[in-house]
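Structure, as structure tokens:
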Amino acid sequence: MSFELIRHDTNYDFVGIRKYAYALSAILLLIGVFSLLFKGGPRYGVDFAGGINIQVKFNQGVELDALRVALDSPALPGLVVQNFGDADAHEVLIRAAMSSATANEIRDVVAQSLNASFSGVGHEIQRLEMVGPKVGADLREKALQAIFYAILLIATYISGRFEQRWMVAGLMAAALSAVVYVLELLHAPMSMSVIAATLATLVLCAVLRLKYALGAMVALIHDVMIPLGIFSLLNKEVDLTIIAALLTIVGYSLNDTIIIYDRIRENMRTKLSPSLDQIINRSVNQTLSRTIITGGTTLIAVSALYVLGGAVIQDFCLVMILGIVAGTYSSIFVASPILRAFNPRIDDEPAPKTVQAEA
């Protein structure tokens with residue numbers, strides 16, 4: 001007897017509970033958006049805001065207040081000191097605003113201050129990073145552009161692949177790229193340009209009835225915004241590793257959505273049921289075993305990295321964990337119900353070749 005994680009005749013009514021799913025998603029998104037608005041946007045790390053990061057490992061615990069007093073120096077303006085990683089590791093992260101001192105001068109200042117104030121405590125400067133404000137701003141804009149163009153190209157690809165409307169999808173991509181270009185010429189902040197272009201993408205998908213692309217777009221925005229909102233609530237920093245995690249989530253979530261969309265189209269072509277709700281439920285149930293196995297194994301791997309991988313990659317892993325959960329959820333409860341709202345016509349789908357041959 002073959003192993004079955006989910007029985008082949010399972011028939012959960014996912015479409016029937018879509019309103020509860022909408023309400024849950026709306027609550028989570030609103031909490032995250034309000035947190036971002038209240039705090040003036042994400043809390044950017046040194047990569048994006050510019051400044052100095054110094055990671056120091058001691059051979060025993062030290063008091064943060066004493067450490068802060070010892071390091072108080074004109075070379076380290078805006079000093080912030082916090083524990084880093086496990087308490088047993090005795091690691092401290094020192095952050096400061098950008099100064100005119102060079103990296104070697106800062107390293108010397110830190111070493112001399114620690115030797116003078118903690119003579120009996122050994123220490124090692126494990127990492128020292130300096131990013132200028134201009135470089136940080138450039139990196140921030142490039143990161144926003146990367147997320148936007150990734151989502152835009154995905155919308156174009158899905159429109160062409162599922163609806164065979166490559167010309168319309170290409171024109172939409174060109175129009176939105178032109179919008180971003182014009183906003184750049186007007187010196188609009190990149191964050192505002194990306195938000196405006198993303199909203200325009202959703203509107204164009206709806207007007208042009210690119211229903212598969214719209215469902216995937218909404219699901220991807222949902223999957224990116226939920227980790228960002230939770231990070232804002234937890235007051236965690238957003239840096240290049242977090243952007244890398246968000247782009248990974250976009251790819252993971254899209255893969256899940258495409259598999260379910262593929263099965264919906266296959267079942268529409270067979271015309272086994274006149275009801276779109278039944279077809280969507282049947283498709284999600286048929287792919288449910290694969291979804292659980294893929295999401296579950298990925299979640300186990302990322303959770304192990306979160307626990308055992310050390311403090312450096314913990315935030316990356318946390319975003320991945322949140323994204324995997326949100327992406328799996330959105331593939332079932334966001335992308336598919338949005339497709340239903342457009343009510344694609346079953347009669348428009350051609351019958352499978354084998355059926356045509358028999359006819």
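A few points about this structure:
- Test: residue in segment 48-66 that is touching a strand residue (DSSP E or B) at 6+ places or on another chain (Cβ under 9 Å), closer than 22 Å to N235 by Cβ, at pLDDT below 80 and hydrophobic (A, V, I, L, M, F, W, C): yes
- Number of the exception - T270 against (1) in contact with a Leu (Cβ under 8 Å, 6 or more places away or on another chain); (2) more than 18 Å from V33 (Cβ to Cβ): (1)
- Which listed residue, of L208, L228, L233, is open to solvent by 40 Å² or more (accessible area, probe 1.4 Å), closer than 25 Å to T298 by Cβ and touching a residue at least 24 places away in the same chain (Cβ under 8 Å): L233
- Residue list for segment 108-152, restricted to those being among the aliphatic types (A, V, I, L, M) and either free of Cβ contacts under 8 Å to residues at least 12 places away in the same chain or touching a Gly at 6+ places or on another chain (Cβ under 6 Å) (or both): V131
- Residue satisfying condition, being open to solvent by 60 Å² or more (accessible area, probe 1.4 Å) and under 22 Å from I249 (Cβ atoms), within set L186, L153, L144, L171: L153
- Where R95 falls short, out of the listed (1) without any contact (Cβ under 8 Å) to a residue 24 or more places away in the chain; (2) within 28 Å of the chain's Cα centre (by Cα): (1)
The values are calculated or read from the model by the stated rules, or taken from the named source; none is laboratory data. For clarity, every value in this text was computed on a predicted model and none was experimentally measured. Positions of Cβ are generated from backbone atoms using ideal geometry, with glycine treated the same way; all protein chains shown enter the neighbour counts. In case anyone asks, the SASA skips ligands and DNA or RNA and just uses the protein heavy atoms, side chains included. Shrake-Rupley method; radii C 1.70, N 1.55, O 1.52, S 1.80 Å.
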